[in-house]
RNA sequence: GGAGAAAUACCCAAGUGGUGAAGGGGCUCCCCUGCUAAGGGAGUAGGGCUCUAACGGGUCGCGAGGGUUCAAAUCCCUCUUUCUCCGCCA
């Protein structure tokens, strides 16, 4: 959510910034300002009526004591009560429309981002060199099938298109990756969180998926006996962003550094297109998510820290990668700034995102009412929230088996993973 | 799943319809005192919204949301959480 004061001070600036994200917000902003004005008048008027109501109520015991007739006063107060009720109804209606519009506005992009979409993304840096083969490499689907790491067919039998099964050494390799990520974050002083995998609606609102982007998320069709509706989390960010919802943190509690492992569930999955074969885009994938809550002045450094952490994980696996600064329009709605880390899957063209690190600034904190007490002033301020994949496995594993394959179809295990696989150095076809 | 109890500030806690939500602990400051302790005194309810140039005012706020009433911490309804007992279960 954006700061209404900032909108009021300079609506044209807001419209311009949102325009860089490809959002024409002029109409919404105008309506928001209109509603804000209407609300202000009504609230002021109604508060005065309430003040009168309170004042008169206080006098009634004295009147009764003095034996005065209170009937005329009661009649007057009844009328007053009706007006107040009517006004409160109007205010609620205005606030509902206002809130709806406010929740629909995306975050403002940082000023240094290029406007427009993907085409304006800027690669910031490259690490290492693209992998070259001196033989004809296989794609990861053939490799994983050949080594019996992944069972695509039975995955579809169980979950339908968009699902696969890790089995045997494949499951262990997947788990090894996750353990490598988890151990690294623990070493870096991040707190390990295992959140619910099904969340209530408000989590989606706080993170910024709801109400506008509800389509990407699975909704459980049958509510609980108490009528509670749940949503499968599309990313642990949706859980972590709500961790401190409606709370006030101490300044000394910041930054809060945490990470979570969860499966992620997405309604949208890849097609059969060659570019999205295998496990590049499914309805369910595993991800370790990094998250930080910081002071406003601390969020730039936290962002760099998260980017560096994600880069180091990718480096540790021995991948060539590039770090890309996304253009305003390619950042997701909630985010002010996003860097993607991309690696190559040899059977596919170009670079594939394996981590996306973002700074939401105070956008999610406003939606979730997450504040901290500033020691110097005693005032409450919104925290900043940041998240980054660290990492998702669904593209790491394909890249890993393809880049590390040997001519006979076996796959070298990166050194950092060997200890999780009983010291195994090469994945070979069994028997 | 069933029955019951509870939720008031940093903590404990009083408050069953009527003027400013008691009291205690803790904390802050002051007095007294060679220092400390003890003692005495004062302060200690936040946050949202709103009016105001400002000082300051108004409104809302006793777990949350509704309702009854001229007036609600107090009465009624719904929900949440915690505790106790019973049942069931890994």
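The values are calculated or read from the model by the stated rules, or taken from the named source; none is laboratory data. Note that this is a predicted model, so its numbers are computed, not measured. So basically every Cβ, Gly included, is an ideal-geometry build from the backbone, and we count neighbours across all protein chains shown.
Structure notes:
- Hey, residue A:211 in the same structural domain as residue A:388 (by TED's automatic domain parsing), part of a loop (DSSP other than H, G, I, E, B), within 16 Å of RNA strand B (Cβ to nearest atom) and within 22 Å of the chain's Cα centre (by Cα) or not: no
- Selection from region A:25-44 of residues that are surrounded by 14 or more Cβ atoms within 10 Å (Cβ to Cβ) and either within 9 Å of RNA strand B (Cβ to nearest atom) or more than 16 Å from residue A:8 (Cβ to Cβ) (or both): A:36, A:39, A:42, A:43
- Residues of region A:396-417 satisfying the condition of being part of a helix (DSSP H, G or I), surrounded by 15 or more Cβ atoms within 10 Å (Cβ to Cβ) and out of contact with any helix residue (DSSP H, G or I) (no Cβ under 7 Å at 6 or more places or on another chain): A:399, A:400, A:403
- Selection count, region A:45-68, where residues are in a loop (DSSP other than H, G, I, E, B) and surrounded by 14 or more Cβ atoms within 10 Å (Cβ to Cβ): 0
- When region A:371-392 is filtered for residues that are at pLDDT below 90 and on the phi < 0 side of the Ramachandran plot, the ones remaining, listed by number, are A:371, A:372, A:373, A:374, A:375, A:376, A:377, A:379, A:380, A:381, A:390.
- Residue check for residue A:149: surrounded by 19 or more Cβ atoms within 10 Å (Cβ to Cβ), over 27 Å from residue A:230 (Cβ atoms) and within 23 Å of the chain's Cα centre (by Cα): no
- Subset of region A:201-234 (residues that are at positive phi and touching a helix residue (DSSP H, G or I) at 6+ places or on another chain (Cβ under 8 Å)): A:208
- Only one entry in A:183, A:151 is at negative phi, modelled with pLDDT of 95 or more and assigned by TED's automatic domain parsing to the domain that holds residue A:260, namely A:183.
- Condition met for residue A:69 (more than 11 Å from RNA strand B (Cβ to nearest atom) and more than 30 Å from residue A:8 (Cα to Cα)): yes
- Among the residues here, residue A:49 does not qualify as in contact with a helix residue (DSSP H, G or I) (Cβ under 6 Å, 6 or more places away or on another chain), over 30 Å from residue A:38 (Cβ atoms) and more than 8 Å from RNA strand B (Cβ to nearest atom).
- Residue among A:347, A:356 that alone is touching a helix residue (DSSP H, G or I) at 6+ places or on another chain (Cβ under 9 Å), surrounded by fewer than 24 Cβ atoms within 10 Å (Cβ to Cβ) and without any contact (Cβ under 8 Å) to a residue 40 or more places away in the chain: A:356
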